[in-house]
Amino acid sequence: MQRIVVIGTGFAGMWSALAARRLIDLHGGKATGIEVTVVSPEPTLVIRPRLYESGAKNMSAALGDLFRVTGIQYVQGTVETICTPERLVKVVDQDGVRSDLAYDRLVLAAGSRLRRPNIPGLREHAFSIDQIGEAAEFEAHLHSLASRPPSPARNTVVVGGGGFTGIEIAAELPQRLRSIFGQDTDVRVVIIEKATEIGPELGANPRPVIVQALTEQGVEMKLGAAIMSVDDKGVVTTSGERIESLSVLWTAGVEASPLTQQIPGMKDGCGRLHVDEDLRALSAKDIFVAGDTALAKTDGNGNYSMMSCQHASRLGRFAGHNAAADLLNAATKPYSQPMYVTCLDLGPWGAVVTEGWERTVKCKASVAKPIKESINRVVIYPPIADRAEAFAAANPDTPAFALA
């Protein structure tokens, strides 16, 4: 028996497993000796792009039935160690019991995590919406504040970081706070961004729309400054300003799973492994890499995959297909993803949708909002637990998302 082990049930991991099983299924009897096994702490897909929304604790989709009908084996646990010379991973389960799982091909799709720099008080006093439990905790905290007497500190949320996540949660918060404290409450939401422009990684084209949306919803932007320290009553910025707040939310920066450090090869500044066109690790040819752990060329124009579900889903389809093809002596499919769409939620004001790496604005405000809602509520969810439909969706030749 040969085995493909997939680490992770995020967007990349789920699609890797389905794509591998799809190709094995297409090869019929020749492939009966190949097993696809997924390892993760829970058999669920966390809908991570939605964790800025209210109701965060419900932002996940069960994968058990999907895995069962498609013949994917599931191991509940956390991979602690990847032993590349021995071709095995060391897994610890919920009870702390350790075991070894051998592989013939490995797909690393362990995702990313929020980077938490060594800012005094940040770990002790700041919230996060990086993981589903953290997002649910932040939401519960906001609701708990309703029992406290009104004060500027109670009514203020400081968002550390003016990137994609920081913008989306900040745009949501004024209305969410008023729904908790009362519609007539004077609330304050402040983004602190060290760059001199909001959304520095989003480029110039959508920026006027972002600034308009945040400004019209009363969100303050303190640019060219950073959080210097955090305590239980607020923050101090590098400009020396003190902002009183009982709710400091850190959103700035992500880094690839530390498991990438256990695989030889070049990494970028986020810890992502450089991969070839088949998504193999450059120094470990039996390991394929997908999602936020991979730095992959998307086209011939010098563009690389982003740490987003849009890229993770397609990377997963190709990585899983190629891992199975490698064992089946079948043709691999070089990864490409030249189409790039950005859809940024801007709260009740609407959204902004851009197309291309230059992020040309295609629509905005209330016109763009239904597109964002469709992506969040339909497009990024797993396929139904039907073998034929799941395998059809896992085909790497499926066109990437594009605007009509």
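The selection criterion, being open to solvent by 10 Å² or more (accessible area, probe 1.4 Å) and not assigned by the TED database to the domain that holds residue 334, holds for residue 218.
Residues checked against (1) out of contact with any strand residue (DSSP E or B) (no Cβ under 8 Å at 6 or more places or on another chain); (2) in the same structural domain as residue 48 (by the TED database); (3) acidic (Asp, Glu):
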site	(1), (2), (3)
325	yes, yes, no
328	no, yes, no
350	no, no, no
375	no, no, no
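Considering region 221-239, the residues that are without any contact (Cβ under 8 Å) to a residue 60 or more places away in the chain and either assigned to a strand (DSSP E or B) or out of contact with any Ser or Thr (no Cβ under 6 Å at 6 or more places or on another chain) (or both) include one that is least open to solvent (accessible area, probe 1.4 Å), namely 237. For region 358-370, the set of residues classified as in a helix (DSSP H, G or I) and surrounded by 19 or more Cβ atoms within 10 Å (Cβ to Cβ) consists of 368, 369, listed by residue number.
Rundown of residues vs (1) in contact with a helix residue (DSSP H, G or I) (Cβ under 6 Å, 6 or more places away or on another chain); (2) more than 24 Å from residue 51 (Cβ to Cβ), yes/no style:
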residue	(1), (2)
183	no, yes
213	yes, no
219	yes, no
244	no, yes
260	yes, no
264	no, yes
288	yes, yes
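Residues in region 347-404 that are hydroxyl-bearing (Ser, Thr, Tyr) and more than 20 Å from the chain's Cα centre (by Cα): 3 in all. When you look at residue 285, is it basic (Lys, Arg), closer than 22 Å to residue 90 by Cβ and over 21 Å from the mean Cα position of the chain (by Cα), yes or no? Criteria met by residue 285.
Could you pull out every one of the strands (runs of 3 or more DSSP E) wholly within region 272-357 that has 3 or more residues that are without any contact (Cβ under 8 Å) to a residue 12 or more places away in the chain?
Working: elements: 284-289, 341-345, 351-355.
So the answer is none; nothing clears 3.
Each row is one residue, and each column tells you yes or no for (1) in contact (Cβ under 8 Å) with a residue 40 or more places away in the chain; (2) assigned by the TED database to the domain that holds residue 228; (3) out of contact with any Gly (no Cβ under 6 Å at 6 or more places or on another chain); (4) among the hydrophobic types (A, V, I, L, M, F, W, C).
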{"site": "106", "(1), (2), (3), (4)": "yes, no, yes, yes"}
{"site": "110", "(1), (2), (3), (4)": "yes, no, no, yes"}
{"site": "120", "(1), (2), (3), (4)": "yes, no, yes, no"}
{"site": "125", "(1), (2), (3), (4)": "yes, no, yes, no"}
{"site": "139", "(1), (2), (3), (4)": "yes, yes, yes, no"}
{"site": "144", "(1), (2), (3), (4)": "no, yes, yes, no"}
{"site": "149", "(1), (2), (3), (4)": "no, yes, yes, no"}
{"site": "152", "(1), (2), (3), (4)": "yes, yes, yes, no"}
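Please find, within region 382-399, the residue that is most open to solvent (accessible area, probe 1.4 Å) out of those that are part of a loop (DSSP other than H, G, I, E, B) and among the acidic types (Asp, Glu). Selected residue: 397.
Only one entry in 254, 248 is touching a strand residue (DSSP E or B) at 6+ places or on another chain (Cβ under 6 Å), crowded, with 24+ Cβ neighbours inside 10 Å and at negative phi, namely 248. Applying the condition of being among the small types (Gly, Ala, Ser) and touching a residue at least 24 places away in the same chain (Cβ under 8 Å) to region 240-261 and asking which residue is farthest from residue 161 (Cα to Cα) yields 257.
Contact map, region 156-178: first residue over 14 Å from residue 129 (Cα atoms), second residue open to solvent by less than 10 Å² (accessible area, probe 1.4 Å) and hydroxyl-bearing (Ser, Thr, Tyr), Cβ cut-off under 6 Å, separation 6 or more or different chains; pairs are 156/245.
Taking residue 278 as the residue in question, decide whether it is among the acidic types (Asp, Glu) and surrounded by 24 or more Cβ atoms within 10 Å (Cβ to Cβ). So residue 278 fails the test.
Residue-wise test of (1) at pLDDT below 95; (2) open to solvent by 10 Å² or more (accessible area, probe 1.4 Å); (3) closer than 30 Å to residue 173 by Cα; (4) touching a His at 6+ places or on another chain (Cβ under 9 Å).
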residue	(1), (2), (3), (4)
2	no, yes, no, no
13	no, no, no, no
25	no, yes, no, no
57	no, yes, yes, no
62	no, yes, yes, no
68	no, yes, no, no
73	no, yes, no, no
80	no, yes, no, no
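So, residue 259, is that one of a type in the set (A, V, I, L, M), open to solvent by less than 60 Å² (accessible area, probe 1.4 Å) and touching a Lys or Arg at 6+ places or on another chain (Cβ under 6 Å) or not? Criteria not met by residue 259. Given the structure, is residue 196 within 30 Å of residue 358 (Cβ to Cβ), open to solvent by 30 Å² or more (accessible area, probe 1.4 Å) and in contact with a strand residue (DSSP E or B) (Cβ under 6 Å, 6 or more places away or on another chain)? So residue 196 passes the test. Can you name every residue in region 38-55 that is acidic (Asp, Glu) and surrounded by 19 or more Cβ atoms within 10 Å (Cβ to Cβ)? Across region 38-55, the qualifying residue is only 53.
The values are calculated or read from the model by the stated rules, or taken from the named source; none is laboratory data. Fair warning: this is a prediction, and the values are worked out from it, not measured in the lab. As a convention, Cβ positions derive from the backbone with ideal geometry for all residues, glycine included, and neighbour counts pool all protein chains shown. Side chains included, ligands, DNA and RNA excluded: accessible areas come from the protein's heavy atoms. Shrake-Rupley method; radii C 1.70, N 1.55, O 1.52, S 1.80 Å.
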